[in-house]
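Notes follow once the structure below has been shown.
The values are calculated or read from the model by the stated rules, or taken from the named source; none is laboratory data. All values reported here derive from a predicted model rather than from experimental measurement. Cβ coordinates were reconstructed from backbone atoms using ideal geometry, including for glycine residues, and neighbour counts include every protein chain displayed. What goes into the accessible areas is simple: the full protein's heavy atoms, side chains included, and nothing from ligands, DNA or RNA. Shrake-Rupley method; radii C 1.70, N 1.55, O 1.52, S 1.80 Å.
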Amino acid sequence: MNSATEQELIRRGDTFKLLAACFYEPDKELLQGKHVCANLAGLLREIDPSAAAAAEAMVTALAATEQQQLSIDHAALFVGPFELPAAPYGSVYLERQRRTMGDSTMMVQRFYREAGLSIDVAEPPDHIAIELEFLFYLCRKEAEADASEQTQRYRTLQAAFFNQALLPWMKPFCSAIRSATGNPFYLALAACLEQFIESCRPIYRQRREGTDRVVPQTV
Amino acid sequence: MKLDRRTFLQAAIGSGCAYALGLQFFDLAGLSEAQAAELTELVRSTCSPNCTGACGFKAQVVNGRISTLIQAADYPEQSYNPRGCLRGLSMMDLIYGKDRLKYPLIRTGARGSGEFRRAGWDEALDYCAAKLTEIAEKYGPEAIATTVQVPGTGYVQKGAMVALAGLANWTMHHGYDQNGDLPMFWPMTFGVQSEELESLEWPNARTTMIFGSNVIQTRLPDAHHLIEAKRRGRVIVVDPDFCSTAAKADHWLPIKADTDAALALGMARVIIDNGRYNRAFMQDFTDFPLLVRRDTGKRLLAEETAVLAEAARQKEIPDYRRCFVVHAGGSLQLLDPEDLRPTDADLEGEFQVELIDGRRIVVETVLTALRRTLTDYDLDRVAEITGLDADQIEQVALDAAANTPLHIIYGASNYQWYNGDLKGRALSLLPVLTGSIGVSGGGISTYAGQYRIRFNLKSWWFPEGSKLNWVPYLHFLQGDGPGYPKHGIKAMVGGWGNPFDQHNMSNILKDRATSGELEFILTTDFQMSTSCVWSDVVLPAPSWYEKHDLTATILHPYLQLQQPAIKPLFESRSELWIFRELAKRLNPAFEKHFYPELDENEAAIKAIEVLLATGGRETEGITLEMLRRGPIRLNSPAPDNRQIPFYEEVQHRRPFPPRSYPAPLTATAQFLRSGRIEFYKDEDLFLSEGEQLPVHKETYLETEYKVNPDSRVSYRLRFVTKNSLYRVHSTHSNNSILLELQDNKPKVFLHEADAHERHIDNGDLVQIYNDRGQTRANAVIDPGCSRGTAIFEEGWWSRYLAEEGYNTLTCPWIKPLHEIYFVPGIWSPTTVWNECLVDVRRISA
């Protein structure tokens, strides 16, 4: 793999990872101390300028928002109680009745298994942060791969996962965040995520042929 | 899902590269062979909502998710298979639904605002323990109250809460009287909490009479047994409304609401006057031959009489018994309360008796007294009171007496009235007069709620040193009563129920929560119910497909396991674990009862084993291993371990009553001092109320009309509730599949004339109101609905009623007779939901 492609892959993967981190329970001190949003902006400058601008807005918003407010707004959007206005689970958008642990969740789990990963968290496996982290992992593995069949395997998995599992709920999810909160940090995060996903579409579309049946859709 | 500091250790600003970031959720060690395979398994558990149906279900689990629920159909009697309704099949909507509780929550906004923050388990439990300790120190531990709801659907997890409450000396409300499901005629007449035939016995009745119970709709898995009973015999439904069970009956008697006692007394008179009663049964097993003093109205005691005083002194009997007197073979005889051998006592007659002081008094038998009472219930008067046809009443009574065994299904919508006890006592006359007690297919059964605990559970529920302060819920609501704590109830610890909506006068709870009189409210549940919304701390518990428990309820007398098909979702933990953790924090000495050395699953299994080993004759020989293979019948004295009430008392001539667990026999046997079925009650209040024998009393006279005489004109509709076909009982009304089947609309059913008088059309949104509160519903003009009735389908949470909970309408009535003894959940003031007047007006077209 030439170093330019590798750099691009690593940037994309790390972007997935840093975006995932932004959906965790917020810890302002840590987010700022580790410059998560600034790093995100830095990565995105090479990928998509408008996503980078959204990440810059996240830096500003984070500085201007109290920890308590962040926690409250994060809980209202993603934690509950009650019906979540922006549930962070794919199945809620992809299936009837807004349920968790749907057939699409099972599909996501099969992707993880296909990649040889086990998962043990008290959340459904189609949580936004977990799906994003999975793509980070696949990008890193692709970058690390020596043999071309390994490269191809991780590439194929990435595209299939992106197209089948993540992409279909990103627009409704980001739009749900926008209509449910006034918090500038999460508004900017939604914009950043949506824009970044948009920028990934052409990359994964090129690879789409022959990748659709990596993991069967139904149980 | 917390940010992990380690994840970022090697991320450097400006590098444009976060290459060394770690993985937070995935395990790089890779998959074990088992994990790599697609795992499908079937796990048998027991559907356990508060409907108490306890149907065996298998969960098909694929890769850790329940994909399908299937009726287990593994009961040894084929006619119980398959058992389980479509409502139970829709449970997945709650398990994986949008109201599922995920994490411990601590309230941040005002009470009831629904503003919470997520907390860790330690933080939440520490917080609860600190609050509970503070309240106990300030007001005494009895200021903390909890409720035990429907024990039969989970003896282990619910027992953990009861055990902690007992160790900590908290107050306990008994769910049976709180829910109004306690039929008070049972302790008065039979000395028990309640009894019932299993549904497999229904077809063995030659006559089935159903009063105020809609089993076709509310007992779906058992309904086919009623159809079989109809095929083999005759089914008569007595109901003001043409309910779905009435539609299946051979005869429907559209009785005027709350006049069933008059009907029963009229039919009893027909049976007695025609000599169609079972003389031997009445002599040996009932108080009909007992002598009653005309001067005092009290039953004659052997010790009072000149001829039997010495014999009475010689007789050794338990404290809870008395030696009464019968007339047999031409003389007075002491009636041994512990011996039910035939006496051939006179059932009727009036006699002169010399007392020890030489006075002579007149006595008569209970049956003679009853016959005098029954002179008020000639067929014409009964027809007038009940609105039924005199000939039909007579025919039904004679047919029932000629076709025994007679089985009466006595439903809550009939007995949840102020004088519901009188109706139950009067209706009990019919199976007793016909000798239909203690025999296959005969008796009287109540199924609503049904708290009868099926075996001895002392070892798990009541540890050494446990002491509960039992307070009836109605006393809690009125803020007064014998056991009511000096400083009141300051904290509520709840689970398995939803009192902020589903209990009477739910607005009182909300008022006390808002005013701060309730200083702390803790609820465990797996759904965000209204009670959770009003709590200070909400602790997420698993559903019955996520934990171990032991069940044994009504209708089919099986011990069954709840077994985890999946791991507890999100961060939920079993109630046993929750209350063990609380116990440890409240007093380290409490913890040892909850098997602290075992994890929560092992501890629950251990509790099941201990319960089986110490459950008494009902669980003797039954082991955990047997239950893991499938449901096992509890042992009973009847052949084939059938659930036939009073089988042993009648067939083996043992004194009444059988024990009602967990109360000791000494507590309940005092209700039947003669050791026999009693229709004559001679405690002073029964006499002064004129209720020494069952009589008919007019509705609302001592309640609504007394409090507000204007209610005769201003509130002309009886407010009664029924269960929707599309709801699993009442606790969780947020099942979206079932809501959809109900068109997402609360409904009130009205008679056409009542609706038109108020300019209400089908589908109109109406307000239902009285002096106490209001709610809203969509009108359904129902030709089957009797005039003067507003039937509301119960269970709707406030969120579906524009925050106007329907239990704001209900009432605080306590019948004083229900307070002359107190045995929790057995003789206790009980909620009488139906004694409630309202009116209805249109909100919009």
Which one of these does B:Ser413 not meet: (1) open to solvent by 40 Å² or more (accessible area, probe 1.4 Å); (2) in a loop (DSSP other than H, G, I, E, B)?
-> (2)
Aliphatic (A, V, I, L, M), farther than 29 Å from B:Asn63 by Cβ and part of a helix (DSSP H, G or I) - does that describe any residue in segment A:138-153?
-> yes
Looking at segment B:89-96, is at least one residue under 30 Å from A:Gln68 (Cα atoms) and open to solvent by less than 10 Å² (accessible area, probe 1.4 Å)?
-> yes
Test: residue in segment B:116-127 that is open to solvent by 30 Å² or more (accessible area, probe 1.4 Å), charged (D, E, K, R) and in contact (Cβ under 8 Å) with a residue 60 or more places away in the chain | yes
Might you let me know whether segment B:379-386 holds any residue that is open to solvent by less than 50 Å² (accessible area, probe 1.4 Å), in contact (Cβ under 8 Å) with a residue 24 or more places away in the chain, closer than 30 Å to B:Leu182 by Cβ and out of contact with any Phe, Trp or Tyr (no Cβ under 9 Å at 6 or more places or on another chain)?
-> yes
Could you tell me which of the residues A:Leu132, A:Leu138 is more than 26 Å from B:Tyr103 (Cβ to Cβ), open to solvent by less than 20 Å² (accessible area, probe 1.4 Å) and either within 14 Å of chain B (Cβ to nearest Cβ) or among the small types (Gly, Ala, Ser) (or both)?
-> A:Leu138
With respect to B:Asp549, is the statement that it is open to solvent by less than 10 Å² (accessible area, probe 1.4 Å), farther than 30 Å from B:Gln78 by Cα and not basic (Lys, Arg) true?
-> no
The strands (runs of 3 or more DSSP E) lying entirely within segment B:41-133 that contain at least 2 residues which are away from chain A (no Cβ under 11 Å) are B:55-62, B:65-71
Could you pull out the residue among A:Ile10, A:Ile47 that is within 13 Å of chain B (Cβ to nearest Cβ) and assigned to a loop (DSSP other than H, G, I, E, B)?
-> A:Ile47
Residue set A:Gln97, A:Gln109; condition surrounded by fewer than 18 Cβ atoms within 10 Å (Cβ to Cβ) and either more than 9 Å from chain B (Cβ to nearest Cβ) or in a helix (DSSP H, G or I) (or both); output residue A:Gln97
Kindly list the number of the only condition in (1) within 8 Å of chain B (Cβ to nearest Cβ); (2) more than 30 Å from B:Ile95 (Cα to Cα) that fails for A:Ala55.
-> (1)
Scan segment A:30-72 for residues that are more than 27 Å from A:Arg201 (Cβ to Cβ) and surrounded by 15 or more Cβ atoms within 10 Å (Cβ to Cβ) and report the count.
-> 9
Just need a number here: residues in segment B:20-51 that are modelled with pLDDT under 90 and of a type in the set (S, T, N, Q).
-> 5
Provide a single number: the residues in segment B:650-674 that are in contact with a helix residue (DSSP H, G or I) (Cβ under 8 Å, 6 or more places away or on another chain) and assigned to a loop (DSSP other than H, G, I, E, B).
-> 11
Filter segment B:744-780 for residues that are of a type in the set (D, E, K, R) and either modelled with pLDDT under 95 or in a loop (DSSP other than H, G, I, E, B) (or both); the one that is surrounded by the most Cβ atoms within 10 Å (Cβ to Cβ) is B:Asp764
Over segment B:172-186, the set of residues closer than 19 Å to B:Val650 by Cβ and out of contact with any Lys or Arg (no Cβ under 8 Å at 6 or more places or on another chain) is B:Trp186
Condition test on B:Leu132, is it open to solvent by less than 20 Å² (accessible area, probe 1.4 Å), of a type outside the set (D, E, K, R) and modelled with pLDDT of 95 or more?
-> yes
Positions within segment A:113-126 being at the interface with chain B (Cβ under 7 Å from one of its Cβ atoms), within 17 Å of the chain's Cα centre (by Cα) and either open to solvent by less than 20 Å² (accessible area, probe 1.4 Å) or charged (D, E, K, R) (or both), in sequence order | A:Glu123
Subset of segment A:25-38 (residues that are out of contact with any Ser or Thr (no Cβ under 8 Å at 6 or more places or on another chain) and under 14 Å from A:Met58 (Cβ atoms)) = A:Leu31, A:Gln32, A:Lys34, A:His35, A:Val36, A:Cys37, A:Ala38
Within segment B:200-220, is even one residue out of contact with any helix residue (DSSP H, G or I) (no Cβ under 8 Å at 6 or more places or on another chain), over 25 Å from B:Phe749 (Cα atoms) and part of a loop (DSSP other than H, G, I, E, B)?
-> no
Within segment B:711-743, can you find the residues that are of a type in the set (Lys, Arg), open to solvent by 20 Å² or more (accessible area, probe 1.4 Å) and in contact (Cβ under 8 Å) with a residue 60 or more places away in the chain?
-> B:Arg716, B:Arg718, B:Lys722
Would you check if there is a residue in segment B:566-586 being open to solvent by 10 Å² or more (accessible area, probe 1.4 Å), modelled with pLDDT of 95 or more, within 23 Å of B:Tyr451 (Cα to Cα) and not in a helix (DSSP H, G or I)?
-> no
Does segment B:155-170 contain any residue that is touching a helix residue (DSSP H, G or I) at 6+ places or on another chain (Cβ under 9 Å), part of a loop (DSSP other than H, G, I, E, B) and open to solvent by less than 20 Å² (accessible area, probe 1.4 Å)?
-> yes
Taking segment A:72-81 and keeping residues over 20 Å from the mean Cα position of the chain (by Cα) and in a helix (DSSP H, G or I) leaves A:Ile72
Consider B:Pro431 against the criteria (1) at pLDDT below 95; (2) buried (at least 23 other Cβ atoms within 10 Å of the Cβ); (3) not aliphatic (A, V, I, L, M): it satisfies all of them except one. Which criterion is unmet?
-> (1)
Total residues in segment B:50-83, condition at positive phi and open to solvent by less than 10 Å² (accessible area, probe 1.4 Å) = 2
Kindly check whether there is at least one residue in segment A:113-129 that is small (Gly, Ala, Ser), without any contact (Cβ under 8 Å) to a residue 12 or more places away in the chain and in contact with a strand residue (DSSP E or B) (Cβ under 7 Å, 6 or more places away or on another chain).
-> yes
Restricting segment A:13-29 to residues that are in a loop (DSSP other than H, G, I, E, B) and over 16 Å from A:Leu166 (Cβ atoms), the residue that is most open to solvent (accessible area, probe 1.4 Å) = A:Asp27
A:Pro85, sole failed condition from (1) more than 9 Å from every other protein chain (Cβ to nearest Cβ); (2) open to solvent by 10 Å² or more (accessible area, probe 1.4 Å); (3) in contact with a strand residue (DSSP E or B) (Cβ under 9 Å, 6 or more places away or on another chain); (4) not basic (Lys, Arg) = (3)
